[in-house]
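**Q** I'd like to ask you about the structure that follows.
No lab work stands behind these numbers, since they all come straight from the coordinates. Quick caveat, the model's predicted, so the values are computed rather than measured. All Cβ positions, even for glycine, are placed from backbone atoms using ideal geometry, and neighbour counts span all protein chains on display.
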Amino acid sequence: MAHLKYKIQAYLGREVNLQEDVEIEKDEKGVETINAWYTSDKAKPTDAQLNALSSQATALENTATIDGKRQVEYLSWQQQMEMIYKDQKNGTTTFKDHCDKVRSDNPKE
């Protein structure tokens, strides 16, 4: 089941800022609830509204996980620039091959 943050993101139709938009609280059993609603985009959603967005929220969470893995595997911008420079200098495709591998290892659905 998707975390509450992603249900709220699906409800709002945009990224959620947990400092400015909403405050989420987790009880001792790990159940998440909205503790405070700060955004004026839309009214605070009901549990039923959020639960109706579960599949969208799961897709958003899966995409965020894949994006996080890709970000680490792409390496630093300095390393990427070095690959690009060497490719241009040597006529190779190291950078493209590297990016293709990262994408194939972490496909988006």
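**Q** Six or more apart or on different chains, Cβ under 8 Å: which pairs go from a residue in the range 10-37 that's without any contact (Cβ under 8 Å) to a residue 12 or more places away in the chain to one that's surrounded by 12 or more Cβ atoms within 10 Å (Cβ to Cβ)? Could you list them?
**A** Going by the 8 Å Cβ cut-off, the qualifying pairs are GLU15/GLN9; VAL16/LYS5; VAL16/ILE8; VAL16/GLN9; VAL16/VAL22; GLU25/GLU32; GLU25/ILE34; LYS26/GLU32.
**Q** Related question: Do we have ALA57 as surrounded by 15 or more Cβ atoms within 10 Å (Cβ to Cβ), hydrophobic (A, V, I, L, M, F, W, C) and either assigned to a loop (DSSP other than H, G, I, E, B) or at negative phi (or both) here?
**A** It is true that ALA57 is surrounded by 15 or more Cβ atoms within 10 Å (Cβ to Cβ), hydrophobic (A, V, I, L, M, F, W, C) and either assigned to a loop (DSSP other than H, G, I, E, B) or at negative phi (or both).
**Q** Another one. Checking the structure you have, find out if any residue of the range 60-75 is out of contact with any Pro (no Cβ under 6 Å at 6 or more places or on another chain) and over 30 Å from ALA10 (Cβ atoms).
**A** Within the range 60-75 (the criterion being out of contact with any Pro (no Cβ under 6 Å at 6 or more places or on another chain) and over 30 Å from ALA10 (Cβ atoms)), the answer is yes, since at least one residue qualifies.
**Q** Exactly one of these conditions fails for LYS108: (1) free of Cβ contacts under 8 Å to residues at least 12 places away in the same chain; (2) surrounded by fewer than 13 Cβ atoms within 10 Å (Cβ to Cβ). Give me its number.
**A** With respect to (1) free of Cβ contacts under 8 Å to residues at least 12 places away in the same chain; (2) surrounded by fewer than 13 Cβ atoms within 10 Å (Cβ to Cβ), LYS108 is out only on (1).
**Q** Can you tell me which residues in the range 1-44 are hydrophobic (A, V, I, L, M, F, W, C), closer than 22 Å to ALA59 by Cα and not in a helix (DSSP H, G or I)?
**A** MET1, ALA2, VAL16, LEU18, VAL22, ILE24, VAL31, ILE34
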